[in-house]
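Just below is one structure, and these are the notes that go with it.
The values are calculated or read from the model by the stated rules, or taken from the named source; none is laboratory data. Just so you know, these numbers come straight off a predicted model, no measurement behind them. Glycine also receives a Cβ, built like all others from the backbone with ideal geometry; neighbour counts cover every protein chain displayed. Note: accessible area is taken over every heavy atom of the protein model, side chains too, but ligands, DNA and RNA are not part of it. Shrake-Rupley method; radii C 1.70, N 1.55, O 1.52, S 1.80 Å.
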Amino acid sequence: MNERGFLLVVEGISDKQFMDCLLQHLGLEEVEVMPIEGGVESLHKIRNEIKKRSDVGTRVAVVIDADRDVAARREKLSAEKKRLELSLDREFLMPNNEDHGCLEDLLVRIAADTHKTLHDCFERYTECVQSLPGEYELPGLKEQVYAYCQALGRQPGNIDYMESDHWNLEAPALDSLKAFLTDFVR
């Protein structure tokens, strides 16, 4: 257990994989990342763990998706913290703590320049499906990121974001998250 350290609570396994790589890239490997398998609604699952960690001096931060409404998500997080009587040191809403979106929005933005055209192909595919007669389910951003990984010969469940030929961990889209993480461990 990481007592008197740093605990970063994230939504799921994909978020954990990404955060582990980004923290390593930033040299902040002392931060433990814990997935809760859900957003704000799932904080109750680890309420006792967060309280236990906080009681021994561990700094706790939460990084969750902003989804479609940043303000509503922030309000929901605040209400849930109050309901669960949680004291969190920091919160961050993906993709940049200001705009609506999710981890996958951020991942699309940090695709390596040499492969960004793959996302253009996916957009053309989506437009094509929308133009067809009939009602079809459109793939979401998660599927777009999976398709990007598969096109590069990588399995979505085993992504190494440190692979600079696939991901750009220096992309400006990461600036606010990097600042958040760096400030968290100070």
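Please enumerate the residues belonging to region 126-141 that are free of Cβ contacts under 8 Å to residues at least 12 places away in the same chain and not aliphatic (A, V, I, L, M).
If the condition is that a residue be free of Cβ contacts under 8 Å to residues at least 12 places away in the same chain and not aliphatic (A, V, I, L, M), then GLU127, CYS128, GLN130, SER131, PRO133, GLY134, GLU135, TYR136, GLU137 are the ones that fit.
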Exercise for the section: Any residue in region 98-117 that's under 19 Å from MET162 (Cβ atoms): show its pairings with residues that are acidic (Asp, Glu) and outside any loop (DSSP other than H, G, I, E, B) at Cβ separation under 8 Å, as long as the two are six or more apart or on different chains. Expected result: LEU103/ASP15; LEU103/ASP65
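Could you look through region 1-46, keep only residues that are of a type in the set (S, T, N, Q) and open to solvent by less than 40 Å² (accessible area, probe 1.4 Å), and pick out the one that is farthest from the chain's Cα centre (by Cα)?
ASN2
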Handout entry: Qualifying residue in region 116-135 (condition: of a type in the set (Gly, Ala, Ser) and either under 24 Å from LEU43 (Cβ atoms) or within 20 Å of the chain's Cα centre (by Cα) (or both))
Key = no
Practice task
Output the residue which, of all residues in region 61-115 that are of a type in the set (Lys, Arg) and surrounded by fewer than 20 Cβ atoms within 10 Å (Cβ to Cβ), is farthest from GLU49 (Cα to Cα).
Solution key: ARG109
Exercise for the section: Could you check how many residues of region 142-186 are at pLDDT 90 or above, open to solvent by 50 Å² or more (accessible area, probe 1.4 Å) and in contact with an Asp or Glu (Cβ under 8 Å, 6 or more places away or on another chain)? Expected result: 1
